[in-house]
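What follows is one structure encoded as structure tokens, with my remarks underneath.
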Number of protein chains: 2
Amino acid sequence: MGAKNVCLMTDKNLSQLPPVQMVMDSLVKNGINFKVYDNVRVEPTDRSFMEAIEFVKRGAFDAYVAVGGGSTMDTCKAANLYASSPHSDFLDYVNAPIGKGKPVSVPLKPLIAVPTTSGTGSETTGVAIFDYEHLKVKTGIASRAIKPTLGLIDPMHTLHMPDQVVANSGFDVLCHALESYTALPYHMRSPCPSNPITRPAYQGSNPISDIWAVHALRIVAKYLKRAVRNPDDLEARSNMHLASAFAGIGFGNAGVHLCHGMSYPISGLVKTYKAKDYNVDHPLVPHGLSVVLTSPAVFTFTAQMSPERHLETAEILGADTRTARIPDAGPILADTLRKFLFDLDVDDGLAAIGYSRADIPALVKGTLPQERVTKLAPRPQSEEDLSDLFEASMKLY
Amino acid sequence: MGAKNVCLMTDKNLSQLPPVQMVMDSLVKNGINFKVYDNVRVEPTDRSFMEAIEFVKRGAFDAYVAVGGGSTMDTCKAANLYASSPHSDFLDYVNAPIGKGKPVSVPLKPLIAVPTTSGTGSETTGVAIFDYEHLKVKTGIASRAIKPTLGLIDPMHTLHMPDQVVANSGFDVLCHALESYTALPYHMRSPCPSNPITRPAYQGSNPISDIWAVHALRIVAKYLKRAVRNPDDLEARSNMHLASAFAGIGFGNAGVHLCHGMSYPISGLVKTYKAKDYNVDHPLVPHGLSVVLTSPAVFTFTAQMSPERHLETAEILGADTRTARIPDAGPILADTLRKFLFDLDVDDGLAAIGYSRADIPALVKGTLPQERVTKLAPRPQSEEDLSDLFEASMKLY
């Protein structure tokens with residue numbers, strides 16, 4: 001790539017760990033100048049994005065290496081974008097309706113993404129997600145232009161992950177696969193954009209993304225529990241690391257829908273919950289947890305639009321569907337998911353992470369601006385539907 | 001793409017058919033100048049490539065549209081390459097040891113590939129194959145740089161295909177899938193190239209290509225016979241058209257091995273055989289047929305290197321493998337393939353297309369230069385092994 005001045009982006013925890021050391025050694029060995037930015041926030045915000053952007057604008061870098069989870073890769077994508085488009089206002093590229101959703105036409109610098117968690121698939125996608133603090137909701141930037149140039153998917157980097165991080169990031173893979181496989185089919189999305197450059201990054205489910213979704217789901221079914229329970233199970237952790245990238249290729253192309261759309265206020269409105277195994281100084285609902293807690297309710301709601309696909313995924317996750325009836329597809333998948341989560345000691349619904357019925361209006365309000373993904377749900381939702389879905393997710397077992 | 005002067009490349013048969021008419025109508029409607037080159041040879045040669053190259057050099061085109069099968073797409077790739085590198089000698093980019101195998105560093109023009117057969121997957125690959133007349137062998141050009149910019153995989157274009165063209169092109173998909181899935185694993189390929197630019201286009205089997213190979217094979221197992229037998233079965237022909245692209249993504253990345261390596265002299269040394277349904281003025285063994293006739297022998301030979309994969313593919317193709325023993329993997333897959341070919345009335349081996357034992361030394365000699373692919377076989381082959389494989393392929397049933 002001819003890089004001479006590299007920005008190595010990571011977070012404070014990882015900056016002390018072998019994956020970052022390995023990259024620094026390689027840069028030193030190859031005589032390439034670099035600066036480290038290790039101030040990435042886990043579950044980043046517009047403010048933390050902007051700090052990173054200011055740093056890289058001053059550095060005049062010609063390439064980026066992001067070492068970390070989705071938070072780090074997403075921060076690095078945003079930094080690369082705004083450093084390459086220095087006169088843009090921050091909201092210019094942020095998804096509408098919160099931002100202006102402008103298409104990206106400036107050339108970006110090469111970005112090498114080195115994932116150290118197995119969930120986000122961010123190394124394969126053109127999406128960067130953050131908390132917009134002013135509105136207390138998650139939103140993001142979505143453009144093919146910010147997709148990393150290269151992803152280095154090295155399973156050795158996953159061996160340091162605590163078990164809850166493995167579980168929660170694995171739930172993200174699970175939902176990427178389930179949501180992209182059940183998303184509105186690409187030929188039913190409307191209106192048709194007037195020009196290819198205004199096509200959204202998320203196209204709806206299609207024959208290419210389906211392959212990745214189903215394959216990733218098979219790996220989750222086979223390996224996620226093993227990867228959580230035994231940090232030395234290299235086979236399981238390697239496969240989950242690939243599954244994260246595979247599901248990323250699928251959903252990065254097809255999109256996700258309600259679990260993700262509803263997850264953004266669930267993490268954005270967090271009160272005091274602090275997840276075990278996450279070394280952060282602020283309340284935090286990990287992304288994968290915020291996504292998976294609504295999954296039984298969501299797939300009960302969407303099953304009528306593609307019951308065969310819902311049954312097929314239930315079967316992959318271990319359900320015996322030989323005598324299943326089509327109208328039961330939703331409850332069968334929901335029960336399969338509940339059992340899967342119970343086996344992994346997941347918190348018993350939104351109530352267990354600090355929400356009550358009184359929070360539902362705010363959770364619904366935080367979901368409404370997530371049109372980019374909620375519009376990809378196979379079934380349209382009213383505010384009442386969303387309210388029912390949050391209520392059904394208060395308790396799982 | 002900003003194109004103002006387009007080369008539309010096709011063959012004489014297709015130039016009278018709807019897929020070409022549709023492209024011309026679109027170019028006219030959009031006010032884009034274009035010239036048609038319809039002199040593509042089915043199973044192209046160095047001479048036919050050179051004619052196309054001379055044509056496009058004179059035309060100073062800024063974009064290409066190739067409408068046809070592998071022959072047309074491959075000719076267009078070569079034309080685009082040499083027009084973009086006008087001072088290169090033809091052999092510069094041809095695979096070693098026949099050519100010099102130089103890496104491509106010039107920028108090419110955009111190429112839109114519109115496949116009208118369902119086999120080659122050429123719309124997804126950086127490979128262009130031709131008969132080198134002087135040596136009577138097939139060889140090619142392989143570089144990521146010649147991969148089409150865009151493939152338009154429209155199943156309506158497959159409805160005009162005669163049944164033998166559907167069958168033979170489907171066999172190409174079958175062998176792309178089987179060979180790439182059983183190819184030497186990427187981490188066992190050696191020696192390691194000194195620089196990424198000299199990495200071959202074919203990397204060996206890997207977790208990404210495996211997904212495409214297995215998925216394409218499942219589609220072949222389900223739809224090929226239907227697509228051959230009923231030209232109006234749009235579901236079957238649509239799925240085979242996708243399978244062709246899917247297998248292309250797989251083998252374009254992993255590579256193929258012995259069926260393809262041995263097929264080049266089988267078609268290059270053709271005597272008088274003229275395949276039914278091919279409207280050409282010269283003897284011709286269609287590529288897919290030349291590939292599939294050796295498949296029972298080849299997979300019997302390779303099975304010991306990955307018997308589980310050989311059994312898995314036999315099962316996908318319909319074999320009952322519940323009580324199968326590992327050492328029988330090769331014969332089981334071979335028998336499954338024989339039954340599959342017999343059901344589709346395929347010629348009974350190399351003898352049925354005009355070869356005898358006396359031709360075997362020449363067939364072996366024509367295979368030896370195909371190192372680019374034969375080296376990807378999971379098991380190394382001596383000249384005697386190749387001779388045995390040709391002999392075992394003389395008669396199938």
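So what is the 222 nm mean residue ellipticity for chain B from helices alone, if each DSSP H run of at least 4 adds -39500 (n - 2.57) and you divide by all residues, rounding to the nearest 500 deg cm²/dmol? Each step should come with its number before you reach the end.
Working: 14 runs with 176 residues, N = 397.
The helix-only estimate for chain B comes to -14000 deg cm²/dmol at 222 nm.
Going 7 Å from the Cα of B:Glu391 toward and past its Cβ, which residues in segment B:351-366 have a backbone nitrogen under 16 Å from where you end up?
Taking a point 7 Å out along Cα→Cβ of B:Glu391, the residues of segment B:351-366 whose backbone N falls under 16 Å are B:351, B:356-365.
Let me spell out the model: positive unit charges on the Cβ of Lys and Arg, negative unit charges on the Cβ of Asp and Glu, origin at the Cα centre of chain A. What dipole size does that give, in debye rounded to 20?
800 debye
For A:Lys365, go through the aspartates and glutamates and keep the ones whose alpha-carbon is under 16 Å away, minus same-chain ones fewer than eight residues off.
Within the straight-line cut-off, A:Lys365 pairs with A:Asp131, A:Glu133, A:Glu383, A:Glu384, A:Asp385, A:Asp388, A:Glu391.
When you look at the Cβ of every residue in A:237-243, what mean number of other chain Cβ atoms sits within 10 Å?
On the way: counts 0, 1, 1, 0, 0, 3, 0.
Mean inter-chain Cβ contacts per residue within 10 Å come to 1.
Can you tell me which of B:156-168, B:115-127 comes out highest on packing, and rank the rest after it, using the mean Cβ neighbours within 10 Å? Kindly include the intermediate steps, with their values, before the conclusion.
Values: B:156-168: 20.5, B:115-127: 27.9.
Highest to lowest by the protection proxy: B:115-127, B:156-168.
Give the shape of segment B:1-79 as rounded, prolate or oblate, defined through the alpha-carbon gyration tensor: a ≥ b ≥ c are the square roots of its eigenvalues, a/c under 1.5 means rounded, and otherwise the shape is prolate if a/b is larger than b/c and oblate if not. Could you put the intermediate results ahead of the total?
Values: a/c = 2.29, a/b = 1.30, b/c = 1.76.
Note, shape of segment B:1-79 comes out oblate.
Taking only Cα atoms, what is the 0 to 90° angle, nearest 10, from helix A:18-29's long axis to the longest principal axis of chain A?
The answer is roughly 30 degrees.
Tell me whether segment A:321-397 comes out rounded, prolate or oblate; compute the Cα gyration tensor, take square roots of the eigenvalues as a ≥ b ≥ c, and use a/c under 1.5 as the rounded threshold. Walk me through the intermediate numbers first.
Working: a/c = 2.32, a/b = 1.24, b/c = 1.87.
Cα axes put segment A:321-397 in the oblate bin.
Gap in Å between the Cα centre of segment A:1-42 and the Cα centre of segment B:299-331?
A separation of 47 Å, based on Cα centres.
Considering only the label points, 7 Å along Cα→Cβ from Cα, what distances in nm to one decimal separate A:Asp89 from the same position in each other copy, shortest first?
Copy-to-copy label distances at A:Asp89, shortest first: 6.2 nm.
Once phi is turned into θ = phi - 60°, what whole-Hz ³J(HN,Hα) does the Karplus curve with 6.51, -1.76 and 1.60 give for every residue of segment A:144-157, x standing for Gly and Pro?
Residue by residue, segment A:144-157 yields 3, 5, 9, 4, x, 5, 8, x, 10, 9, 9, x, 4, 6 Hz.
Just grab the label-to-label distance for A:Lys365 and B:Met1, each label 7 Å out from Cα along the Cβ direction, in nm (one decimal).
Once both label points are built, they end up 5.1 nm from each other.
Among A:206-217, A:335-346, how do they line up by average Cβ neighbours within 10 Å per residue, starting with the highest? Before the final figure, lay out each step's value.
Values: A:206-217: 22.6, A:335-346: 18.2.
Descending packing order for the listed peptides: A:206-217, A:335-346.
In nm, what does the list of distances from B:Lys339 to its counterparts in the other copies look like, shortest first, when each label sits 7 Å along Cα to Cβ?
For B:Lys339, the other copies' label points sit at 3.4 nm, shortest first.
Given points 7 Å out from each Cα along the Cα-Cβ axis, report the A:Asn230 to B:Asn279 separation in nanometres with one decimal.
Distance between the two pseudo-spin positions: 6.3 nm.
What spacing in nm lies between the two simple spin-label points modelled at A:Phe90 and A:Gln304, each 7 Å away from Cα in the Cβ direction?
Each label point is offset 7 Å from its Cα along the Cβ direction, giving 4.2 nm.
Which entries of B:Lys138/B:Lys375; A:Lys35/A:Lys276; A:Lys109/A:Lys147 have Cα-Cα distances beyond 20 Å here?
Flagged as over cut-off: A:Lys35/A:Lys276.
Counting Lys +1, Arg +1, Asp -1, Glu -1, what net charge surrounds B:Ala60 among other residues with beta carbon under 14 Å of its beta carbon?
Working: positive: B:Lys4, B:Lys35, B:Lys57, B:Arg58, B:Lys109; negative: B:Glu54, B:Asp62.
Result for the local shell: +3.
Got the B:Asp281 label distances to the other copies yet, label 7 Å along Cα→Cβ, in nm, shortest first?
Reported distances to equivalent positions: 8.2 nm.
What is the mean number of Cβ atoms from other protein chains located within 10 Å of the Cβ atom of each residue in peptide B:202-209, rounded to a whole number?
Working: counts 0, 0, 0, 0, 0, 8, 5, 0.
Averaged over the peptide's residues, the number is 2.
Under 14 Å from the Cβ of A:Ala324, count the other residues' Cβ atoms, weight Lys and Arg +1, Asp and Glu -1, and hand me the total.
Local net charge: -3.
Using Cα centres only, tell me the gap between segment B:209-229 and segment A:348-381 in whole Å.
Result: 41 Å between the Cα centres.
Normalised by the residues of segment B:11-130, what does the relative contact order come to in percent, with Cα pairs under 8 Å and at least six apart?
28 percent
Nearest 10 degrees is fine. How inclined is helix A:307-316 to the longest principal axis of chain A, computing both from alpha carbons?
It is inclined by approximately 70 degrees.
State whether segment A:162-393 is rounded, prolate or oblate according to the following rule on the C-alpha gyration tensor (a ≥ b ≥ c being the square roots of its eigenvalues): a/c under 1.5 gives rounded; otherwise a/b larger than b/c gives prolate, and the remaining case gives oblate.
Values: a/c = 1.32, a/b = 1.09, b/c = 1.21.
Rounded.
On C-alpha positions alone, give me the angle between the axis of helix A:46-59 and the longest principal axis of chain A, in degrees, nearest 10.
With both axes taken from Cα atoms, the answer is about 30 degrees.
Along the axis that rotates chain B into chain A, which residue of chain B has the nearest beta-carbon, and what is the gap in whole Å?
Residue and rounded Å distance to the axis: B:Ile211, 3.
Set the Förster distance to 25 Å, then compute FRET efficiency between B:Asp335 and B:Arg357 from the Cβ-Cβ distance, nearest 0.05.
On the way: r = 23 Å, r/R0 = 0.94.
Working from the Cβ atoms, E equals 0.60.
Throughout, read-outs are computed from the coordinates displayed, never taken from laboratory work. All values derive from a computational prediction rather than experimental measurement. In this analysis, Cβ positions are derived from the backbone assuming ideal geometry, glycine residues included, and neighbour counts consider all displayed protein chains.
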